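The values are calculated or read from the model by the stated rules, or taken from the named source; none is laboratory data. From a predicted model like this one, the values you see are computed outputs, not experimental measurements. When we count neighbours, we look across all protein chains shown, and the Cβ atoms used for this are built from the backbone with ideal geometry, even at glycine.
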């Protein structure tokens, strides 16, 4: 499979913008939550977000890809 340099560069730019945009949204949400919640509630939200991040490691570990590649996924 051959890709042009322009297509690769364009995809890299879009991927960078996607990640940067996601980080900006997380920053804005964190600032809003810090202003609206008490310190105890903000700590609870932080603990839950850490737990969710750890669980995402397992979800993104490739299990979905393995199921798609398996011919008979029922077994």
Does any residue in region 47-75 that is farther than 30 Å from residue 34 by Cα and not assigned by TED's automatic domain parsing to the domain that holds residue 30 come within less than 9 Å, Cβ to Cβ, of a residue that is exposed (fewer than 10 other Cβ atoms within 10 Å of the Cβ) and at pLDDT below 65 six or more places away or on a different chain, and which pairs are these? 67/73
What's the number of the only condition in (1) touching a helix residue (DSSP H, G or I) at 6+ places or on another chain (Cβ under 7 Å); (2) at pLDDT below 90; (3) in a helix (DSSP H, G or I) that residue 58 fails to meet? (1)
